[in-house]
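Here's the structure we're looking at; comments come further down.
No value in this document is a laboratory result; all are computed from the given coordinates. What you see is a predicted model, and the numbers here were worked out from it, not measured in a lab. A quick note on method: Cβ atoms are made from the backbone with ideal geometry, for glycine too, and the neighbour counts reach across all protein chains shown.
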Amino acid sequence: MRRLQWLVGLSLLVGLSFSSCECRKEAPPRPADSESNAGFKLTMAVPAVTPQRTLAVATPTSGPEPSPTFLSELPKDFPSEVPVYEGANLMQAQPMANDAQNVLFSVKDNVANVRAFYHKKMTDQGFEMTQEFDRGNHAFATFKKGDLLVNVTVAEDARNPGQQVIAVMYEREKPLPFEEF
């Protein structure tokens, strides 16, 4: 008998728990999509759903894209032991934090040839390769020699088919302003 009372009590407790559950209640009605209760207008833009994927191609609206501006000379502190790919056009130099520089070149050759060139020339110059990434149309390598750190990135130029962009970022490591722990 006591067991029966316990089961009935447990059943009532479980029933009360589920009866207070709001998981089956419908959401309260929303105001119309074009108005809110505060007097503001609310407009909802819902993109049309298409059953197939489409590729949007941006086209210039005010004439052809401007061609890149090329610099006439390398930055004065460009390391002499870092080679410049033959036939590469100097595009721009960007100063970065910690006195680093990022120098961009444009070249008509494939990523694999440019990557192989820098791998060979940099190691011939005594640099140690510390990182390397190669994904066919994009390559990256980090080289270190003494306090000179050089990152070389080669990637296809999305705006100029058949062209590659070479980014050579270099910096001289400086001692930390505090003792390492």
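Among D99, D157, which comes first, second and so on when ranked by fewest other beta-carbon atoms within 10 Å?
Details: D99 11, D157 15.
Listed from fewest to most nearby Cβ atoms, that is D99, D157.
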Report task. Label segment 89-172 by shape, choosing from rounded, prolate and oblate, from the square roots a ≥ b ≥ c of the eigenvalues of the Cα gyration tensor; if a/c is under 1.5 it is rounded, and otherwise prolate applies when a/b is larger than b/c, oblate when it is not. Result -> oblate
**Report entry** Order by protection proxy (mean Cβ within 10 Å, highest first), peptides 163-171, 128-136
**Finding:** 163-171, 128-136
Report summary line: Once Lys and Arg are counted +1 and Asp and Glu -1 for all other residues with Cβ under 10 Å from that of K174, the total becomes -3
Requested in this report: Kindly write out, for segment 174-181 in residue order, the coupling ³J(HN,Hα) from the Karplus curve 6.51 cos²θ - 1.76 cosθ + 1.60 (θ = phi - 60°), rounded to whole Hz, with x marking Gly and Pro.
Outcome: 10, x, 5, x, 9, 6, 5, 10
Query raised in the report: If contacts are Cα pairs under 8 angstrom and at least 6 residues apart, what is the relative contact order of segment 89-172 in percent?
Result: 31
Query - Nonlocal amide H pairs with E81, under 5 Å, H built at 1.01 Å - result: none
Query raised in the report: Using θ = phi - 60° and the Karplus curve 6.51 cos²θ - 1.76 cosθ + 1.60, what whole-Hz ³J(HN,Hα) does each residue of segment 134-147 get, with Gly and Pro shown as x?
Result: 9, 10, x, 9, 7, 9, 9, 8, 10, 10, 9, 8, x, 9
Requested in this report: Give a residue-ordered list of calculated ³J(HN,Hα) values for segment 78-86 (Karplus: 6.51 cos²θ - 1.76 cosθ + 1.60, θ = phi - 60°; whole Hz; x for Gly, Pro).
Outcome: 4, x, 5, 7, 9, x, 10, 4, 4
Report summary line: Most exposed to least, judged by fewest other Cβ atoms within 10 Å, R159, R115 sort to R159, R115
